1. Name the residue that is farthest from W258 (Cα to Cα), counting only residues in the stretch 332-351 that are among the β-branched types (V, I, T) and surrounded by 15 or more Cβ atoms within 10 Å (Cβ to Cβ).
2. Are there any pairs, at least 6 apart or on different chains, whose C-beta atoms fall under 7 Å, with the first in the stretch 121-149 and under 12 Å from D53 (Cα atoms) and the second surrounded by 10 or more Cβ atoms within 10 Å (Cβ to Cβ) and of a type in the set (D, E, K, R), and if so, which?
3. Mind checking which pairs have a first residue in the stretch 18-36 that is among the β-branched types (V, I, T) and a second that is not in a helix (DSSP H, G or I), Cβ under 6 Å, 6 or more apart or different chains?
4. Kindly list the number of the only condition in (1) part of a strand (DSSP E or B); (2) at pLDDT below 95; (3) under 20 Å from A269 (Cβ atoms) that fails for I307.
5. From R222, R263, grab the single residue that is of a type in the set (D, E, K, R), at pLDDT 80 or above, under 23 Å from V341 (Cβ atoms) and touching a helix residue (DSSP H, G or I) at 6+ places or on another chain (Cβ under 7 Å).
6. Would a scan of the stretch 44-53 turn up a residue that is under 26 Å from D130 (Cβ atoms), surrounded by fewer than 19 Cβ atoms within 10 Å (Cβ to Cβ) and among the small types (G, A, S)?
7. Can you tell me how many residues within the stretch 267-293 are within 17 Å of G348 (Cα to Cα) and in contact with an Asp or Glu (Cβ under 6 Å, 6 or more places away or on another chain)?
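The values are calculated or read from the model by the stated rules, or taken from the named source; none is laboratory data. Small disclaimer: the values here were computed from a predicted structure and weren't measured. Counting neighbours? That spans all protein chains shown, and the Cβs are built from the backbone with ideal geometry, glycine included.
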Amino acid sequence: MDAAQATGGRTVLLVDDDSAHRYALRRRLELAGFAVVEAADGTEALRQATGVDAVILDVLLPDISGYEVCRQLRALESGAAVPIVLVSGVYIAEDDQVRGLKGGADAYLTRPVDDEVLVANLHALLRQHDTLRALSEALEQKRRDEERARDLFLAILGHDLRNPLDAIAMSSELLARAPVAASTTQKMAARITAAARRMAHMLDDIQDYARSQLDAELLLRRAPQRLGALALAAIDEVRGAYPGITVDAVHEAPDEGWWDGDRLARVIANLLRNAVEHGAVGRPIVVRTEARGAWRHLSVRNEGAPIPDAVRARLFEPLVRGGAQAPAAGNMGLGLFVCRVIVEAHGGRIVVETGAAGTEFRIELPAQPS
């Protein structure tokens, strides 16, 4: 790597009224890989300052002092963060150094100063400037990402709550019209119940998501549970929202544990809805529970296209929705994230395997809390 590559082709504004000093330092800076712009006084320095990466500024200039040039450069948007090295050719007191540094200089050197020391100071200041700029850009990107996530979340929430609300409103209107058969009444009541339950799950997911973002501990209401019974309850709930699905349940004993049953049922229901929305239409979903020593396992498997690698890597993060296809209705992008939060709060883990044969989500839970 040559000197120009090492400095990134940076441009230094060299301000000095002594032409001999200027020439010697210019040669040294060029050998170090810098492009150099020269100015013999403060007025010319202010005119030349736009677009430079650093400034080496003599204190004593024929028109205005280096202190004033430094102050005016810092007042400009283009010069607010540019590294500035003040160089004095006469004896200075500590007050002069304080004045220069308070006025915006990043370093204050006195002649005779070794050119190597000056160039080393310049490199150090540029490295510091690059670090601060990268940090600033990262913070700005984080702010933009958070704003986008907030706007996306509100848009998704408004869209996804509309579906169960529409189902409730439509069924209620039909029930209000007389006469209706008992079978029709039962069907519409079931639709209302399923839609209301889905909305309740959405609100529960939002609450758990908010707690995780605030670093608040997820409070579990543990009680003796059977994993197979929780799975069957979740299957019945999801069948109410998707009447035509086929779910095969395979349970092996023992399946008992000490868990928060409401939250685990919501995890299983989220996984089932995910399997319905992204699995092959008309193909069965298989839910399996089994025991391995002190651990209980549950898996939800569906057939269909594999999850793309780019999506899979972020699948359990908030506001990540589906795969290459359009997002399914009712998926706020929180379901799998909340699944991970709840499972990990129980001391377990959740993983996914995907391929040409289908996709399987697996949960591992300790039967007893640690």
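1. V338
2. Within 7 Å, the pairs are L125/D106; L126/R10; L126/D53.
3. V36/V12; V36/L14
4. The single condition I307 does not satisfy is (1).
5. Checking each option against the conditions leaves just R263.
6. yes
7. Count: 2.
So that you can scan it fast, the table gives a plain yes or no per residue for (1) within 18 Å of I245 (Cα to Cα); (2) at pLDDT 90 or above; (3) of a type in the set (A, V, I, L, M); (4) in contact with a helix residue (DSSP H, G or I) (Cβ under 8 Å, 6 or more places away or on another chain):
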residue: T289; (1), (2), (3), (4): no, yes, no, yes
residue: R292; (1), (2), (3), (4): no, yes, no, no
residue: E303; (1), (2), (3), (4): yes, yes, no, no
residue: V320; (1), (2), (3), (4): no, no, yes, yes
residue: G330; (1), (2), (3), (4): yes, no, no, yes
residue: L334; (1), (2), (3), (4): no, no, yes, yes
